[in-house]
Amino acid sequence: MGLSIKKNDTAIVLSGKEKGKKGRVISVVPLKEKVIIENINIIKKHMKPNRKNTQGGIISKEGALHISKIMLICPKCNKPTRISNALIDNQKKVRMCKKCKEVID
Ligand SMILES: [Zn+2]
């Protein structure tokens, strides 16, 4: 079983404070069923001073979102969609958009 979301997909946030925002998936954490989307769910972290950064300070980075909170945007029909899996030539597994029935990859 795999996740239906992959790196470089475009996804939309379904719930939480970032609801309705869209962005590019920059990282997927399959074991935790989480994804990181560019410029979404930015969290600020306080860093203690260290050798690289003697000042310390606050850094901003994207926080992971659970996949149940996001939905893939189909690159063919441009709508948020669920994915079904299809087989091409009975062997290659691909993702198919449930809305427009196009193969995504
Ligand atoms: Zn589609």
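Listing for the model above:
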quantity: Selection count where residues are polar (S, T, N, Q), open to solvent by 100 Å² or more (accessible area, probe 1.4 Å) and within 13 Å of the ligand (Cβ to nearest atom), scope the stretch 83-98; calculated: 0
quantity: The listed residue being surrounded by fewer than 12 Cβ atoms within 10 Å (Cβ to Cβ), part of a strand (DSSP E or B) and β-branched (V, I, T), out of I36, I12, I58; calculated: I58
quantity: Unique match (being free of Cβ contacts under 8 Å to residues at least 40 places away in the same chain, away from the ligand (no atom under 16 Å from the Cβ) and open to solvent by 70 Å² or more (accessible area, probe 1.4 Å)) among K101, K45; calculated: K45
quantity: Residues (over 16 Å from the mean Cα position of the chain (by Cα) and part of a loop (DSSP other than H, G, I, E, B)) located in the stretch 65-92; calculated: K76, C77, D89, N90, Q91
quantity: Residue within the stretch 68-82 that is touching a helix residue (DSSP H, G or I) at 6+ places or on another chain (Cβ under 9 Å), within 18 Å of I12 (Cβ to Cβ), surrounded by 11 or more Cβ atoms within 10 Å (Cβ to Cβ) and of a type outside the set (A, V, I, L, M, F, W, C) present; calculated: no
quantity: Filter result (open to solvent by less than 100 Å² (accessible area, probe 1.4 Å) and more than 13 Å from I73 (Cα to Cα)) within the stretch 15-33; calculated: S15, G16, E18, I26, S27, V28, V29, P30, E33
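The values are calculated or read from the model by the stated rules, or taken from the named source; none is laboratory data. Every value quoted in this text rests on a predicted model; they were computed, and no experiment measured them. Note that each Cβ is placed from the backbone with ideal geometry, even for glycine, and that neighbours are counted across all protein chains shown. The accessibility values were calculated without ligands, DNA or RNA, using every heavy atom of the protein model including side chains. Shrake-Rupley method; radii C 1.70, N 1.55, O 1.52, S 1.80 Å.
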